[in-house]
Structure formats: C-alpha cells, structure tokens
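Following: one structure in structure tokens, then a few remarks.
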Amino acid sequence: MGNAGRNGGEYYTPRPLIRAMIKVIKPTIGKTIYDGACGSAGFLCEAHDYLRYGKKLTTKKLNTLQTATFYGKEKKSLAYVIAIMNLILHGIDAPNIIHTNTLSDNLADVQEKDRYDIILANPPFGGKERKEIQQNFPIKTGETAFLFLQHFIKYLRTGGRAAVVIKNTFLSNSDNASKALRKELLENCSLHTILDCPGGTFLGAGVKTVVLFFEKGAPTRKIWYYQLDPGRNLGKTNALNDDDLKEFVDLQASLADSDKSWTVDAKDIAQNSFDLSVKNPNAPEEEPLREPHEILAEIAALDAESAKVLDGIRGMV
C-alpha cells in the first residue's frame, strides 16, 4: 500500500511515526480513540497493539478494548474495506468503522456524547471540498486538512489528547483560514509539542510535514519543538525506523532542550499572524547572502585575473 501511489499510498503513514505518536499520547484502556480519516486503520491497529500486548488484561478490559475503544470514519471504499479487514486481523471482531465523508458532519450539531478522549490521525491534504461542505465549519476553507483539523478539535473532549499530522506550510501560511485556525488551536488547546519531519518521511511524497500534539481545554503556554534529523536521506530503500524517533520520544517525556529541540513561549508568538514556523535557534547560522554588486565586483576581479594569466601565457609563446 505504501508503494501504490494514488491508488493506496495516500492512506499510508510510516508505522514508526505512528508508534512514536502513540508513545507520546500514552493511551490507556477505558479511553476512546478516534481517527476520522482512518484510511487502512494503521493508527487504530497500532494503538490496539500498544494497549494489548505485553500487558496482563482482565476479561473486562479485553472486552472494553474489543468493543468500546476504537472508532473511525473513512470516505474511500477501498480503504474502508482494508480498514475493516486490518482491524479484524488485529483481533477486533466488530470494528466501529463508518463508511462516510467525515467532513459532511455539521460541527454545530456535535454534542458531548459524540466526543472522544484521544484522536490520532493523518488527514488528507491538498484536496478541495465543495462550498456546501465548507458550510459545516466555522472557519471556511476548501483545504481538506484544515477542515479535518477543525473537526478533530470539535470532536475532542475537554482534557482529551490529540496527535495530528499536517503539512508544514500550515505553520506559516498567511491566508485568513490558516491564521484563524492557528489562533483557534493556540487559544482553545494546549499545543505543547510540534514534531518537524524531514522530506522523504512519507514514501513517494515530497511534501514536508509536522505532527501537532495538543490537549483540549486550556490555552497554549509553551510549545516544545523537535526537528527530526535521521542523518540520512529518507526514501523507499532507506525508510524511517523506530530508532530514528527514539530520541524524540525520550526527550519529549521531559520536554528537554537539545541541539534538535527547543521551547517557544506562547507570549512570544506574533498576535497578528500566529506564525508557528520551525526555527531552530540551536542550528548554526547560515552565512547571509551577498549583495548583487558584491558578486559582480568579484566576477570582474576574477575576469581581470584571468586576463592577466592569459597575457602572461601569450608573452611566453
């Protein structure tokens, strides 16, 4: 599926990244877990394995895990069928997956009983939704990823935790929808961690992404950034692995600063743009670009030096 391009790869998220997201969120049995863009149900399957294996569970907990823990929605028919099959093969006999366009839900109708404790997702981005779908959201935009992010915030219970993959341009886009959504995230949720993923993280996709970790119910005070750098170019023959994310998971537990991680105070975020761009203060400073006149002067000097050398060679001949 990961190599299947637009026929299937659009649903694939690297399993090491999913496992790292789950380790940070730390789900427990008794909490509901939701993915409104579940694709082949990778997040739900990995969350099941995290909760099920290596632990002694009572019959009651096993029943809760089976019937009242995992929930998902998926629009595409192929992905929906694969999600059902995937969950059954992982031991969920009757998966709570609905075949529907998640974004057709009107957020004004969402009640407390509809909400979830944990959301894990990698919603599709780059798509466009019709005007009638956009009417279901307070922040109007055609970008599917931004609509999904609004959906997730609304469907998260107060005190609930979420980890959502999104295109990194969301952090700095200057359009009104992006700024309004960042403002919503900062004011109504505690956006405590941003994981910056390198290009090549997603097989077959050149886009750069970030993972947003947030908790609903309190405004953001501080944001801890981590810039993932495996030290190699990622690709199909050199994919992301669990070791690449080990340092991130370890440091995130204490939100410690390092060469790859740093903390930004919410008070220092510009209130006119709410720009959340990844700017590592520990990275070596790049030399500033030279002015055009400096470059032209150097070219002229090199030309003069070359002409001298050529004159000398001609004199010898």
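The values are calculated or read from the model by the stated rules, or taken from the named source; none is laboratory data. Everything numeric here is computed off the predicted structure, so don't read it as measured data. All Cβ positions, even for glycine, are placed from backbone atoms using ideal geometry, and neighbour counts span all protein chains on display.
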Worksheet item: Across segment 223-272, which residue is modelled with the highest pLDDT among those that are among the charged types (D, E, K, R), surrounded by 15 or more Cβ atoms within 10 Å (Cβ to Cβ) and not in a loop (DSSP other than H, G, I, E, B)?
Response: GLU247
Fill in: Matching residues in segment 83-137 - criterion: being among the hydroxyl-bearing types (Ser, Thr, Tyr) and under 21 Å from TYR12 (Cα atoms)
THR100, THR102
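Hey, does segment 259-271 have a residue that's farther than 29 Å from GLU112 by Cβ and in contact with a Ser or Thr (Cβ under 9 Å, 6 or more places away or on another chain)?
For segment 259-271, residues farther than 29 Å from GLU112 by Cβ and in contact with a Ser or Thr (Cβ under 9 Å, 6 or more places away or on another chain): present.
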Discussion item. Here is a list: ASP250, ASP242, ASP229. Which entry is among the charged types (D, E, K, R), touching a helix residue (DSSP H, G or I) at 6+ places or on another chain (Cβ under 6 Å) and in the same structural domain as ARG19 (by TED's automatic domain parsing)?
Written reply: ASP242
Discussion item. Could you tell me how many of the residues in segment 273-300 are assigned to a loop (DSSP other than H, G, I, E, B) and at pLDDT 80 or above?
Written reply: 10
Response to the item:
Counting only residues that are surrounded by fewer than 19 Cβ atoms within 10 Å (Cβ to Cβ), of a type outside the set (Gly, Ala, Ser) and not in a helix (DSSP H, G or I), segment 166-191 contains a total of 3
Practice prompt. Identify, by number, the condition in (1) in contact with a helix residue (DSSP H, G or I) (Cβ under 7 Å, 6 or more places away or on another chain); (2) part of a helix (DSSP H, G or I) that CYS38 doesn't meet.
Written response: (2)
Worksheet item: So, of the residues in segment 197-222 that are among the charged types (D, E, K, R) and modelled with pLDDT of 95 or more, which turns out to be surrounded by the most Cβ atoms within 10 Å (Cβ to Cβ)?
Response: LYS216
Discussion item. Assigned by TED's automatic domain parsing to the domain that holds LEU156 and farther than 28 Å from GLU143 by Cβ: is that true of SER190 in this structure?
Written reply: no
Worksheet item: When segment 41-54 is examined, which residues are found to be more than 16 Å from TYR155 (Cβ to Cβ) and not in a loop (DSSP other than H, G, I, E, B)?
Response: GLY42, CYS45, GLU46, ALA47, HIS48, ASP49, TYR50, LEU51, ARG52
Item to complete: Report, ordered by the first and then the second residue, all pairs with beta carbons closer than 9 Å, sequence separation of six or more or different chains, a first member in segment 184-202 that is closer than 16 Å to LYS236 by Cα and in contact (Cβ under 8 Å) with a residue 60 or more places away in the chain, and a second member that is surrounded by fewer than 19 Cβ atoms within 10 Å (Cβ to Cβ) and small (Gly, Ala, Ser).
Response: THR201/ALA239; PHE202/GLY2; PHE202/GLY9
Fill in: Criterion (more than 18 Å from GLY30 (Cβ to Cβ) and touching a strand residue (DSSP E or B) at 6+ places or on another chain (Cβ under 6 Å)) met by exactly one of ASN122, ASN106
ASN122
Worksheet item: Which condition does TYR116 not pass, out of (1) among the hydroxyl-bearing types (Ser, Thr, Tyr); (2) modelled with pLDDT under 95; (3) surrounded by 13 or more Cβ atoms within 10 Å (Cβ to Cβ); (4) touching a strand residue (DSSP E or B) at 6+ places or on another chain (Cβ under 8 Å), if it passes all the others?
Response: (2)
Worksheet item: In segment 146-165, how many are part of a strand (DSSP E or B) and buried (at least 21 other Cβ atoms within 10 Å of the Cβ)?
Response: 7
Worksheet item: Under 7 Å by Cβ, and 6 or more places apart or on different chains, what pairs join a residue from segment 236-251 that is over 13 Å from CYS197 (Cα atoms) with one that is hydrophobic (A, V, I, L, M, F, W, C) and part of a helix (DSSP H, G or I)?
Response: VAL249/ALA20; VAL249/VAL24
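Out of SER273, SER261, SER277, which single residue is closer than 30 Å to ASN176 by Cα, touching a Lys or Arg at 6+ places or on another chain (Cβ under 7 Å) and of a type in the set (Gly, Ala, Ser)?
Checking each option against the conditions leaves just SER273.
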Item to complete: Working only within segment 85-111, note down all residues that are surrounded by fewer than 19 Cβ atoms within 10 Å (Cβ to Cβ) and closer than 15 Å to GLY39 by Cβ.
Response: MET85, HIS90, ILE98, HIS99, THR100, ASN101
